[in-house]
Amino acid sequence: MSATDDFVPDPPVRTNSLRIGAIGAGMIMAECHLAAYRQAGFPVAAIASRTRSRAEGVAARWGIPKVHDTPEALIADPEIEILDIAYPPDQQPALIRAALAQPHIRGILAQKPLSLTLAEAIALRDAAAAAGKILSVNQNMRYDQSMRVLKQILDRGDLGEIVFAQIDMHAIPHWQDFLKAYDRLTLSNMSVHHLDVLRFLFGDPVEITTQCRTDPRTTFPHRDGITVSTLRFPSGLLAVSLEDVWSGPREPGYADDQHITWRVDGTKGVAKGTIGWPTGVPSTLTFASTVSTGGAWVSPKWDTMWFPHAFIGVMEQLQHAVATGTEPALTVADNVRTVALVEAGYRSIAEGRTVKLSDIAIN
């Protein structure tokens, strides 16, 4: 058996029978959620958005049988078993609370960030627990194929003790218009992917130092346009997350080089790779290990991509949890810890210092 034979870049679909109600008809729902759900056979029973006509267009494209006038009307639809939200984060908490009050809704998939404040995220966690409902958060980078294979490499010890890790983003996520009204930009809406996946790979850090600058290429008022966060973990591991979300000149004819790369260094090996989302190709991973590859570089392959295929795993883990009465892989309690890490990053920016995670209360 080779060093790559037993990797599983995409989890199996164990459950796909629960009826989904989709809230939102923007890019992430139309191009990622619904494309993934069709491939996996997840039944989407209804859709609603801020604009009915836009929801109707998405429904026609994906064969969704019912369009509601408002998200609230969809939440009240007794056919809906799982609510899938892709909506602005300032409006998401009210939709979650409305869904928690409906007896027919058994599970909720919220978007990230779960809320704009840590206090609200904690309140939603506690409200879901009180209602006895499963609330899960769509941290879909955990289902990127390179991240899942990297996690498998780490778990079997191929790289030894991990000493350094980095994620380096120079890519344009095409900010949604609603973000222009918020006082938080990159750390809350893009770094949240990277900070969460670092937690997925290495556990909770003990401290974070974040610096930022305004970005003259971003055409609306903001503070955290470009962000750099350094995390220290209990083992001594240092990790760096860098987000440059406008990447290069924005002039006509400029041939940009958008990319997201990552690297993990250990005492027994190194793994490195790319996230394929900016250019619409599969993510990559290559690694060399004195434990499993004889020091040679090997590169596992797959055909699936972060967008849209990772969204299969995100919805499947919720479908399976609801159907079996077990805990989902992406729990709201765990996500509160990611929100706390983001909050610590903003505190670091505001106070110009390293912030210990023990100083951020989440109980």
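Applying the selection to the range 140-151, what residues are out of contact with any strand residue (DSSP E or B) (no Cβ under 9 Å at 6 or more places or on another chain), more than 15 Å from D265 (Cα to Cα) and not acidic (D, E)?
Those that are out of contact with any strand residue (DSSP E or B) (no Cβ under 9 Å at 6 or more places or on another chain), more than 15 Å from D265 (Cα to Cα) and not acidic (D, E): N140, M141, R142, Y143, R148.
In contact (Cβ under 8 Å) with a residue 24 or more places away in the chain, closer than 17 Å to T338 by Cβ and touching a Pro at 6+ places or on another chain (Cβ under 8 Å), is that true of R199?
Details: in contact (Cβ under 8 Å) with a residue 24 or more places away in the chain: yes; closer than 17 Å to T338 by Cβ: yes; touching a Pro at 6+ places or on another chain (Cβ under 8 Å): yes.
It is true that R199 is in contact (Cβ under 8 Å) with a residue 24 or more places away in the chain, closer than 17 Å to T338 by Cβ and touching a Pro at 6+ places or on another chain (Cβ under 8 Å).
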Fill in the blank from the handout: Just one listed residue, out of A99, A55, is buried (at least 22 other Cβ atoms within 10 Å of the Cβ) and closer than 22 Å to A329 by Cα, and it is A99
Practice task
Scan the range 166-218 for residues that are surrounded by fewer than 24 Cβ atoms within 10 Å (Cβ to Cβ), of a type in the set (S, T, N, Q) and under 19 Å from S146 (Cα atoms) and jot them down.
Solution key: Q166
Exercise for the section: Kindly provide the set of residues from the range 263-311 that are of a type in the set (A, V, I, L, M), touching a residue at least 12 places away in the same chain (Cβ under 8 Å) and either part of a strand (DSSP E or B) or more than 30 Å from I172 (Cα to Cα) (or both), ordered by number. Expected result: V264, V270, A271, L285, A288, V291, V298
Fill in the blank from the handout: Matching residues in the range 11-45 (among the acidic types (D, E) and either in contact with a strand residue (DSSP E or B) (Cβ under 9 Å, 6 or more places away or on another chain) or surrounded by 17 or more Cβ atoms within 10 Å (Cβ to Cβ) (or both)) number 0
Completion exercise
Only one of L159, L83, L114 is assigned by TED's automatic domain parsing to the domain that holds A255, surrounded by 19 or more Cβ atoms within 10 Å (Cβ to Cβ), touching a strand residue (DSSP E or B) at 6+ places or on another chain (Cβ under 6 Å) and not β-branched (V, I, T), namely L159
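Report yes if some residue within the range 103-110 is in a helix (DSSP H, G or I) and not aliphatic (A, V, I, L, M); otherwise report no.
No: zero hits.
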Problem - Considering residues of the range 177-191 that are assigned to a helix (DSSP H, G or I) and among the hydrophobic types (A, V, I, L, M, F, W, C) only, the residue farthest from E343 (Cα to Cα) - result: F178
Fill in the blank from the handout: Those residues of the range 90-108 which are touching a residue at least 60 places away in the same chain (Cβ under 8 Å) and either outside the structural domain of M27 (by TED's automatic domain parsing) or out of contact with any strand residue (DSSP E or B) (no Cβ under 9 Å at 6 or more places or on another chain) (or both) amount to D90
Completion exercise
When every residue in the range 293-339 that is among the small types (G, A, S) and buried (at least 20 other Cβ atoms within 10 Å of the Cβ) is compared, the one farthest from L159 (Cα to Cα) is A321
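The values are calculated or read from the model by the stated rules, or taken from the named source; none is laboratory data. In this text, all values refer to a predicted model and were calculated from it rather than measured experimentally. Quick reminder, even Gly has a Cβ in these numbers, built from the backbone with ideal geometry, and neighbours come from all protein chains shown.
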